[in-house]
Ligand SMILES: Nc1ncnc2c1ncn2[C@@H]1O[C@H](COP(=O)(O)OP(=O)(O)OP(=O)(O)O)[C@@H](O)[C@H]1O
Ligand SMILES: [Mg+2]
């Protein structure tokens, strides 16, 4: 079953009088359990496509269907609920809250959903932090963690709600190659174990090697990549 379908998706940005055609007629589907990378040069539209798939931005034209829900017709609050309930995000710059500890950065995501008790949330948070290899570091703030450890916190934050789909925009770009490789292996293990769907964007050859499918973007359009449709 497709978790995401993009049908004839276009995205234009207006900058003053100039229109930038960031995506031009994108047609792509992602199935449940995929581990895929969107690759292409700087400016080819990778982040734009991920943001549209992640309901952080809207297509100018075309349809995006997430879990059979057409995104276009939903209002802001519904989109926020969809993001909260179905999606996890991992960013290039980790985007952790600096004044919160690793535990608190992950736990606060669960507190946004009122369907479990504080004690249940605490247990879930400790479990996922352990799964990403941060046992014993729960009370550190981001600045007292290495880049790789910060990205592990961000992955734990994205996964703690057990989302159907995790979107990661250049997740290894700020990591050295060894740490980047560990982070990819961690995500791959979580993909297998929990059958969570992952879509990355990347410039990184190592990330491409980990991906089971590659979607090549050039100038806002999809060119052929590795793996089936
Ligand atoms: N908010 C915006 N306003 C105007 N133009 C934008 C905006 N965001 C992106 N663009 C333009 O859209 C095109 C695609 O940008 P995008 O950020 O998706 O590329 P990318 O493939 O993620 O690049 P990078 O590898 O550098 O992150 C570029 O030409 C960019 O300048
Ligand atoms: Mg980008």
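The values are calculated or read from the model by the stated rules, or taken from the named source; none is laboratory data. All values reported here derive from a predicted model rather than from experimental measurement. Here the Cβ positions follow ideal geometry from the backbone for every residue, glycine too, while neighbour counts run over all protein chains shown.
Quick notes on this structure:
- Considering residues of the range 130-148 that are at pLDDT below 95 and part of a helix (DSSP H, G or I) only, the residue surrounded by the fewest Cβ atoms within 10 Å (Cβ to Cβ): 130
- Among the residues of the range 29-60, the ones that are within 8 Å of ligand 1 (Cβ to nearest atom) and in a loop (DSSP other than H, G, I, E, B) come to 6 in all.
- Against the conditions (1) under 19 Å from residue 167 (Cβ atoms); (2) away from ligand 1 (no atom under 12 Å from the Cβ), residue 26 satisfies every one except (2).
- Residues that are within 16 Å of ligand 2 (Cβ to nearest atom) and in contact (Cβ under 8 Å) with a residue 40 or more places away in the chain within the range 151-203 comprise 167, 168, 169, 170, 171, 173, 174, 199, 200, 201, 202, 203, listed in sequence order.
- Single condition residue 95 does not satisfy, out of (1) away from ligand 1 (no atom under 13 Å from the Cβ); (2) touching a strand residue (DSSP E or B) at 6+ places or on another chain (Cβ under 9 Å); (3) modelled with pLDDT under 95; (4) under 22 Å from residue 195 (Cα atoms): (4)
- When residue 19 is tested against (1) within 16 Å of ligand 1 (Cβ to nearest atom); (2) in contact (Cβ under 8 Å) with a residue 40 or more places away in the chain; (3) in a strand (DSSP E or B), only condition (2) is not met.
- A single member of 20, 39 is within 16 Å of ligand 2 (Cβ to nearest atom) and loosely packed, with under 15 Cβ neighbours inside 10 Å, and it is 20.
- Residues in the range 66-102 that are touching a helix residue (DSSP H, G or I) at 6+ places or on another chain (Cβ under 6 Å) and outside any strand (DSSP E or B) were compared, and the one that is surrounded by the fewest Cβ atoms within 10 Å (Cβ to Cβ) is 98.
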